[in-house]
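The values are calculated or read from the model by the stated rules, or taken from the named source; none is laboratory data. Here the structure is a predicted model, which means the values were calculated and not measured. Cβ atoms come from the backbone with ideal geometry, glycine included; neighbour counts cover every protein chain shown. The area values use the complete protein model at the heavy-atom level, side chains included, leaving out ligands, DNA and RNA. Shrake-Rupley method; radii C 1.70, N 1.55, O 1.52, S 1.80 Å.
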Amino acid sequence: IARFISNLLAYKPPNETLPFYIGEKEDKIPYDVRENVKQEKAPDISSDYDENKKYLELRFHYPVNDDVVIKELALKNKKRAFIIFYDGMCNGEMINNGIVKPLLELPLFKDDDIKYTEETVLKGLLIHNQVSAQETFDDLVDAINFGGCGICVEGIDKCFAADVKGWP
């Protein structure tokens, strides 16, 4: 027992040491993935609801990426819309009160009189104060990635981005 405790507590230098050296510095990175990536230009946003939704689902890897929320809405006059945002990066109350409610409840006139255009949606339906029209998917995706909410309405060749950053 005494020998065991002595071996356990006594210092012994290592038997073998490996030489240490610093090699010459190379100026070039041996492999850089950025050199081999060809960035394809994203298609423009179209007025086709299904095409826009399918592209965004592919771009965000939905439903595999469960942080992304895509909520479909049935608007008046049998029009469709969807919103897309990251769960946990956006303020849900701002989305519900400033985007979803106005789209579903407004306008207050007859269904036959509703014309969904960029101007009516931007100025008349979305009451959120920081909404902008986006012409390209790259701009829309950037807005969503920074905590925004994307809004796509059937029949309009632009989507809208609302700044709804907030944490629960």
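Observations on the model:
- Within the stretch 137-155, the set of residues being of a type in the set (Phe, Trp, Tyr) and buried (at least 17 other Cβ atoms within 10 Å of the Cβ) comprises just one member, Phe137.
- When the stretch 58-73 is filtered for residues that are open to solvent by 50 Å² or more (accessible area, probe 1.4 Å), out of contact with any helix residue (DSSP H, G or I) (no Cβ under 7 Å at 6 or more places or on another chain), modelled with pLDDT under 95 and not aromatic (Phe, Trp, Tyr), the ones remaining, listed by number, are Leu58, His61, Pro63, Val64, Asp66, Asp67.
- Leading residue by the ranking (modelled with the lowest pLDDT) among those in the stretch 104-130 that are outside any loop (DSSP other than H, G, I, E, B) and in contact with a helix residue (DSSP H, G or I) (Cβ under 6 Å, 6 or more places away or on another chain): Asp111
- Given (1) modelled with pLDDT under 90; (2) under 23 Å from the mean Cα position of the chain (by Cα); (3) farther than 19 Å from Val141 by Cα, index of the condition Lys78 fails: (2)
- Checking Lys79 against (1) charged (D, E, K, R); (2) touching an Asp or Glu at 6+ places or on another chain (Cβ under 9 Å); (3) surrounded by fewer than 17 Cβ atoms within 10 Å (Cβ to Cβ), the condition it does not meet: (3)
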